[in-house]
Amino acid sequence: MSAATKKGGERPERVPTHLRKGDTVLVIAGRERGKSGRILQLLTEKDRAKVERLNMIKRHRKASGNAAGGIVEKEASIHCSNLQILCGRCNKPTRIAVRRTPEGKRVRYCRRRDCREAIDG
Ligand SMILES: [Zn+2]
């Protein structure tokens, strides 16, 4: 986040992402730039996502009861604007478009001109 960002009073800018749990995404900015992984959890209200084995942080946990203490590694969330979905068909990072099937189902598809394949199932 840039230092010039104003604090308070402003409505946070919501970037509509079409990410879902289980999607494979590429990190396009930040510490993990260039790496990819599967979305484990979406924090929709914060526009952030946890990606498998990416942006790991270490938590030092005290032993309590019969649970052993020690250093626990876990995923920290990454802002969705730093993520780009990887198309499973063309294997490239892409943007998502949504269209409706004649049955009224929403289907996400790859926006690359040479691909245009549906990303869901
Ligand atoms: Zn594609």
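The length gained by stretching the chain between Ser81 and Ile57 to full extension, at 0.36 nm per residue less their Cα-Cα distance, is 6.6 nm. In the chain, taking the dipole from charged Cβ atoms about the Cα centre, the farthest positive-side position among Ile78, Cys115, Asn55 is held by Cys115. For the stretch 29-45, backbone phi angles converted through the Karplus equation (6.51, -1.76, 1.60; θ = phi - 60°) give residue-by-residue couplings of 8, x, 4, 9, 3, x, 9, 9, x, 9, 6, 8, 7, 10, 10, 4, 5 Hz, Gly and Pro being listed as x.
The H on the amide N of Arg111, modeled in the peptide plane, is under 5 Å from the matching H of Arg95, Ala97, each at least 5 residues off or on a different chain.
Measuring from each cysteine beta-carbon in the chain, the ones with no other cysteine beta-carbon under 4.7 angstrom are Cys80.
Pairs from the table (Lys50/Lys74; Lys50/Lys105; Lys21/Lys58; Lys46/Lys92) lying more than 18 angstrom apart at Cα are Lys50/Lys105; Lys21/Lys58; Lys46/Lys92. For Arg113 and Asn91, the FRET efficiency from 1/(1 + (r/R0)^6), where r spans their Cβ atoms and R0 equals 22 Å, is about 0.90.
Quick check on the chain: take the gyration tensor over C-alpha atoms, sort the square-rooted eigenvalues as a ≥ b ≥ c, and tell me if it's rounded (a/c under 1.5), prolate or oblate. Cα axes put the chain in the prolate bin. Using C-alpha pairs under 8 Å with a sequence gap of at least 6, the mean separation divided by the residue count of the chain gives a relative contact order of 18 percent.
Residue ranges 37-48, 55-66, 101-112, 82-93 sort as 82-93, 37-48, 101-112, 55-66 when ordered by packing (mean number of other C-beta atoms within 10 Å per residue, highest first).
Using a Förster distance of 25 angstrom, determine the FRET efficiency expected from the C-beta separation of Glu45 and Thr101, and round it to 0.05. All intermediate terms of the calculation are to be shown ahead of the outcome.
Values: r = 29 Å, r/R0 = 1.16.
After rounding, the FRET efficiency stands at 0.30.
Throughout, read-outs are computed from the coordinates displayed, never taken from laboratory work. Just so it is clear, the structure is predicted and the values come from calculations on it, not from any experiment. With ideal geometry, Cβ positions are generated from the backbone for all residues, glycine too; neighbour counts draw on all protein chains shown.
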